[in-house]
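Participant: Provided herewith is a single structure, encoded as structure tokens, for subsequent inquiry.
Read-outs: derived from the displayed coordinates by stated rules, not from any lab. Since this is a predicted model, take the numbers as computed values, not measurements. Every residue, glycine among them, receives a Cβ derived from its backbone with ideal geometry; neighbour counts consider all protein chains shown.
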Amino acid sequence: MMCSAGEQPDPHGAGDGGVSHAAFASLLEDSVEELYENAPCGYLSTLMDGTVAKINETLLTWLDLRREEVVGRMRFSDLLSVGGKLYHETHFAPLLRMQGEISGIALEMRQSGGGRIPVLVSSAVKHGTTGEPLLIRTTVFDARDRRAYEEELLRGRKVAEEARRRAEADRARLQHALAVLQQSLLPDTLPAIPGVEAATHYHTASPDQLGGDFYDVFPVDGKRFGFFLGDVCGKGPEAAAVTSLTRYTLRAAAVHDPDPVATLTTLNKVLHERYTGSGDPRFCTAVFGTLEPDAATGRMRVHLASGGHPPALVVRADGTVDSLHTPGGLLVGVLPAARFVTTTAVLAPGDTLLLYTDGLTEARTGSDRTSLFGEEALRGFVAAHAGRAAKDLVEALINLLEGFGDGLDDDTALLALGIPADRTAPDGR
Amino acid sequence: MSPLKIIRRDAETGPVLEVVGDLDFVHAPELREHISRLVVPPGRRLVLDLAGLEFCDSSGITALIAAHSHAQAARAEVVLVAVPAHTRRILHMVGLDQIFTLHPDSDKATRS
């Protein structure tokens with residue numbers, strides 16, 4: 001309410017007495033009879049056996065009946081639909097007899113044309129001076145609007161449920177598609193390498209996100225096998241596209257020349273040409289290597305090169321752990337011409353070569369984001385599992401990853417290539 | 001997580017960006033955006049002062065590489081100044097310490 005300064009608002013609200021007087025006078029002109037007949041609700045009085053003794057105009061209009069058809073001829077229950085009649089017999093009438101009154105019961109009334117009207121019914125028994133029941137007074141409220149509202153609610157809920165069901169189905173389909181694509185980024189099975197046991201693991205940080213880590217093992221010629229493992233910078237479908245490009249480029253490059261530096265150089269050229277100047281530079285870290293098993297000695301020569309990737313570890317049977325450093329190996333795809341550094345190792349029975357992505361070493365081990373698991377702790381962990389089969393080492397690492405809980409928020413790939421210890425080399429080690 | 005603050009000044013060697021806070025997935029694009037709009041005259045030097053850098057993940061490294069590409073396209077050079085130990089470790093791991101010039105302090109890096 002707006003008042004100018006200093007003016008007191010009228011405490012009774014209505015300032016103009018003339019209008020309310022006129023309205024009040026017009027109310028008084030309404031007779032009680034008129035009010036009864038044309039009230040905004042239905043009125044009905046019946047004898048105790050239900051025979052209609054009195055009914056107002058409003059209800060007659062709703063039901064499309066004439067007074068003479070109803071009064072003395074019909075019972076209240078005759079005005080109800082079949083369902084309404086049944087409910088009246090089983091619940092309404094007994095409760096009314098017991099309690100003397102009943103209110104707000106939803107029933108359905110029958111129109112003479114066959115239509116039905118949802119109503120809310122209240123009834124009370126009128127007693128005589130000696131307490132004997134005389135008649136039943138009933139009021140009927142039109143509930144069509146309310147029913148429409150309820151139906152609308154119900155319909156709305158059905159639509160929402162349908163939308164939710166569809167969203168869930170879409171989500172399931174999308175997750176399936178993501179899982180299939182993710183699988184296409186990783187090999188289904190690894191080839192059997194004579195005298196070598198291979199084990200892998202891929203931890204997906206989020207089921208909704210395609211990963212950026214990759215690995216593969218494959219034969220390159222009669223005697224050598226190629227392997228690689230790496231990590232594409234970034235997340236999501238864009239990173240997955242790079243992962244796919246990377247994996248197939250390395251496979252194809254190895255067919256041409258399996259030399260580790262040659263394959264990484266090809267990958268570098270492909271990534272650099274594809275993504276430089278796109279405004280969205282993409283790189284990866286990768287280790288590419290070859291294995292050359294020597295059936296005579298049971299040993300295996302490893303020749304590998306790395307571009308910006310954490311050093312592979314050689315877990316010796318006796319518990320020592322060698323890091324295969326390749327200092328200076330550059331992140332792949334950054335420069336048009338990159339330098340990659342190679343290193344070699346020989347694996348004897350009981351030794352395992354472990355490649356991993358930095359999801360493992362960068363897993364948070366404290367509340368602080370700078371307390372990370374780290375390479376030193378990893379070396380200690382694998383040393384404690386020295387001499388075990390490759391799959392046992394990977395199992396132990398999977399348990400370790402699970403133990404990180406929320407601290408592990410990046411994809412992690414593991415690839416272990418081990419020489420079973422029971423194939424003891426003739427010259428020992 | 002500390003937000004990222006980028007303070008720009010001009011030295012006689014060229015533009016200097018002081019990078020304070022986090023270069024992570026959320027904030028690193030701000031630096032990339034900033035650098036893409038930066039004009040580095042040919043033969044000059046873009047100095048990134050990282051003394052106030054608190055955190056840098058692979059997105060941050062990507063932003064630094066973008067700075068390198070941007071400067072190279074302009075025939076200019078990039079110098080990283082006062083790189084914190086954790087970031088220096090990552091740069092070394094991915095071989096980027098070979099392509100960036102690293103300087104311990106900003107005074108020397110901005111003197112031609």
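Participant: In nm, to one decimal, how far is the residue A:170 label point from the residue A:35 one, both placed 7 Å along Cα→Cβ?
Facilitator: 5.8 nm
Participant: Can you figure out the FRET efficiency of residue A:122 with residue A:205, using R₀ = 45 Å and their beta-carbon distance, to the nearest 0.05? Each step should come with its number before you reach the end.
Facilitator: On the way: r = 63 Å, r/R0 = 1.39.
In this case the efficiency is close to 0.10.
Participant: Normalised by the number of residues in region A:212-363, what is the relative contact order in percent for Cα pairs under 8 Å and 6+ residues apart?
Facilitator: Numbers: 334 pairs, mean separation 35.2, N = 152.
Contact order relative to length: 23 percent.
Participant: Moving on. Quick one: compute the contact order of region B:5-109, relative version, from alpha carbon pairs under 8 angstrom and 6+ residues apart, as a percent.
Facilitator: Numbers: 183 pairs, mean separation 27.5, N = 105.
Averaging sequence separation for qualifying contacts and normalising by length gives 26 percent for region B:5-109.
Participant: Relative to the present Cα-Cα distance, how much length would full extension add between residue A:406 and residue A:159 at 0.36 nm per residue of separation?
Facilitator: 85.2 nm
Participant: Which length gain, in nm to one decimal place, applies between residue A:146 and residue A:129 when the Cα-Cα distance is subtracted from 0.36 nm times their residue separation?
Facilitator: So the chain would gain 2.2 nm between residue A:146 and residue A:129.
Participant: Right, here's the next one. What is the helix-to-structure angle for A:17-29, meaning the angle in degrees between its Cα long axis and the longest Cα principal axis of chain A, kept from 0 to 90 and rounded to the nearest 10?
Facilitator: It is inclined by approximately 60 degrees.
Participant: Just to confirm a number: summing +1 for Lys and Arg and -1 for Asp and Glu over residues other than residue A:213 whose beta-carbon lies under 9 angstrom from that of residue A:213, what do you get? Don't jump to the answer; show the numbers that get you there.
Facilitator: Details: positive: none; negative: A:231, A:410, A:411.
Every neighbour counted, the sum reads -3.
Participant: Another question, if that's okay. For residue A:245, what is the net charge nearby, where nearby means another residue's Cβ is under 13 Å from its Cβ and Lys, Arg count +1, Asp, Glu -1?
Facilitator: +3
Participant: To the nearest 0.05, how large is the calculated FRET efficiency for residue B:85 and residue B:7 if R₀ is 22 Å and r is the Cβ-Cβ distance?
Facilitator: On the way: r = 22 Å, r/R0 = 1.01.
Given R0 = 22 Å and the Cβ-Cβ separation, E is 0.50.
Participant: If you take each beta carbon of peptide A:328-338 and count the beta carbons of other chains within 10 angstrom, what is the mean?
Facilitator: Values: counts 4, 4, 6, 10, 2, 1, 9, 8, 0, 0, 3.
Across the residues of A:328-338, the mean count of other-chain Cβ atoms within 10 Å is 4.
Participant: Let me ask another. 5 Å is the cut-off here: which amide hydrogens, built 1.01 Å from N in the peptide plane, fall below it relative to residue A:134, excluding neighbours closer than 5 in sequence?
Facilitator: Close amide H contacts, sequence-distant or interchain: A:126, A:127, A:128.
Participant: Among the lysines, select those whose C-alpha is under 22 Å from the C-alpha of residue A:54, and discard any that sit fewer than 8 residues away in the same chain.
Facilitator: Once the sequence-local lysines are set aside, what remains near residue A:54 is A:85, A:126.
Participant: Still on this structure, please answer the following. Mind checking which lysines have their C-alpha under 21 Å from residue A:269, skipping anything on the same chain fewer than 8 residues away?
Facilitator: In chain and number order, there are no partners.
Participant: Calculate how steeply helix A:374-383 sits against the longest principal axis of the alpha-carbon atoms of chain A, using the helix alpha-carbon long axis, and give the answer as 0 to 90 degrees to the nearest 10.
Facilitator: 70 degrees
Participant: Nearest 20 debye, what's the magnitude of the dipole of region A:22-146 about its Cα centre given +1 on Lys and Arg Cβ and -1 on Asp and Glu Cβ?
Facilitator: The calculated dipole for region A:22-146 is roughly 480 debye.
Participant: Going by a ≥ b ≥ c, the root eigenvalues of the Cα gyration tensor, does region A:207-335 fall in the rounded group (a/c under 1.5), the prolate group (a/b larger than b/c) or the oblate group?
Facilitator: Taking the square roots of the gyration eigenvalues as a ≥ b ≥ c, region A:207-335 is prolate.
Participant: Using only atoms on other chains, find how many Cβ atoms lie within 10 Å of each Cβ of peptide B:92-102 and report the average.
Facilitator: On the way: counts 3, 11, 12, 18, 6, 3, 7, 6, 0, 0, 0.
Taking the mean over all residues of the peptide, I get 6.
Participant: Among rounded, prolate and oblate, which fits region B:5-109 when a ≥ b ≥ c are the square roots of the eigenvalues of its C-alpha gyration tensor, a/c under 1.5 means rounded, and a/b larger than b/c means prolate?
Facilitator: Judged from the Cα gyration tensor, region B:5-109 comes out rounded (a/c under 1.5).
Participant: From the Cα gyration tensor of the protein assembly as shown, with a ≥ b ≥ c the square roots of its eigenvalues, which class applies: rounded if a/c is under 1.5, or else prolate if a/b is larger than b/c, or else oblate?
Facilitator: prolate
Participant: Grab the other residues whose beta carbon is less than 14 angstrom from that of residue B:12, score K and R as +1, D and E as -1, and report the net.
Facilitator: Charge balance near residue B:12 sits at +3.
Participant: Ranking request for peptides A:400-406, A:310-316: highest mean number of other beta-carbon atoms within 10 Å first, then the rest in descending order.
Facilitator: A:310-316, A:400-406
Participant: In addition: What length, rounded to one decimal in nm, is gained on full extension from residue A:278 through to residue A:339, with 0.36 nm per residue of separation minus their alpha-carbon distance?
Facilitator: On the way: separation 61, 0.36 × 61 = 21.96 nm, distance 2.29 nm.
Full-extension gain reported as 19.7 nm.
Participant: At 7 Å along Cα-to-Cβ for each site, give me the label-to-label distance between residue B:92 and residue A:78 in nm.
Facilitator: Between residue B:92 and residue A:78, the label points sit 10.4 nm apart.
Participant: Using only Cα atoms and rounding to the nearest 10 degrees, what angle (0 to 90) does helix A:236-256 make with the longest principal axis of chain A?
Facilitator: Relative to chain A, helix A:236-256 is tipped by roughly 30 degrees.
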